[in-house]
């Protein structure tokens, strides 16, 4: 959508969209999710988060549906019990659970699912072992994960997309596999609405066009920095945070997030912190830069994003009746239309030349 309007989006922006909207898509599709089967394959794999190896617990059923995922810093009894407790909240009690020979699994299965058959035979868990490869193939090209929250959202989002693609959800289940994800996300995007206490908007053009009232926290950071700029004594992180809360309408915006946004402004030269003081200042040149950025966003970028719904649309050119019609393969009378000479292959042109010469000689 943005590429059609000539807007280049950084990969960090797309990554933030994934972290922001993935939980909402998962929650919107939860009512249409199929009931998991009664045979579970449970295993854990490794993920590197912030340079340290962490454990990712995953479970699939006999149909290939991912039941649940859990990111844990430790591979112990508490992590296994927490994972099975989350998976059992779906409502299905498995009749058979297949795991590896980890010491924590027999105790947890006997404690939480005493009626299930626990299988630990060799090669019996190949289904979940092979399913790990799809997630690793997705994470391998990435530049790494820095937080457990990011790993948790990405693992859950990958499982959600995998279930959609395999038809384990009522949304777009009858659509061919090639178009299933596109149609499913189009349907889910219409069900996502902005939260009452959040300034973020849904993935709609109307939400982007009205994103300035109220503003999202990361967008309100520039306005909050520009608001107290003329103050001679500067402003503190608490005052900056209070201004963002007032502009964005999000009461959950914390002082820690405000300090993080101020550090980003300092790294770009838009805010200074002289000496060891706790007050920040906006230089005059930085204030003009921030004002230009806000004007660029409101007067240029917002109208471009709202282009398809704008009332000023270019008039369609009238079709010249004397102009030869091009051959459209989608038209039902395409074979009867005259075929332009430019579309002929080189061999066809040579054959036509020989035919014309024979007719001329005869």
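Is the shape of region 12-190 best called rounded, prolate or oblate, per the rule: a/c under 1.5 gives rounded, else a/b larger than b/c gives prolate, else oblate, with a ≥ b ≥ c the square roots of the Cα gyration tensor eigenvalues?
oblate
Using a Förster radius of 41 Å, what is the FRET efficiency between residue 183 and residue 50 based on their Cβ-Cβ separation? Nearest 0.05, please.
For residue 183 and residue 50, the calculated efficiency is 0.65.
Sort region 110-180 into rounded, prolate or oblate with this rule: let a ≥ b ≥ c be the square roots of the eigenvalues of the Cα gyration tensor; rounded if a/c is under 1.5, and if a/c is not under 1.5, prolate when a/b is larger than b/c, oblate otherwise.
oblate
Tell me, what is the FRET efficiency for residue 12 and residue 115 to the nearest 0.05, using R0 = 51 angstrom and their Cβ-Cβ distance as r? Show your work: numbers first, answer last.
Working: r = 48 Å, r/R0 = 0.94.
Rounded to the nearest 0.05, the efficiency is 0.60.
Taking the simple approach of a point 7 Å from Cα along Cα-to-Cβ for both residue 63 and residue 127, what is their distance in nm?
It works out to 1.2 nm between the two label points.
Express in nm, to one decimal, how much length is gained between residue 100 and residue 3 on full extension, taking 0.36 nm for each residue of separation and deducting their alpha carbon distance.
30.3 nm
Pop a pseudo-label 7 angstrom from the Cα along the beta-carbon direction at both residue 246 and residue 264 and give the gap in nm to one decimal.
A separation of 2.2 nm, rounded to one decimal place.
Subtract the Cα-Cα distance of residue 272 and residue 88 from 0.36 nm times their separation in residues, and report this length gain in nm to one decimal.
61.0 nm
May I ask you to derive the FRET efficiency for residue 296 and residue 34 from their Cβ-Cβ distance with R0 = 30 Å, giving the value to the nearest 0.05?
The formula returns an efficiency of 0.05 here.
Here, each number is a calculation from the coordinates, and none is a lab measurement. Note that the structure is a prediction, hence the values are computed from the model and not measured. Glycine gets a Cβ as well: all are built from the backbone with ideal geometry, and neighbour counts include every protein chain shown.
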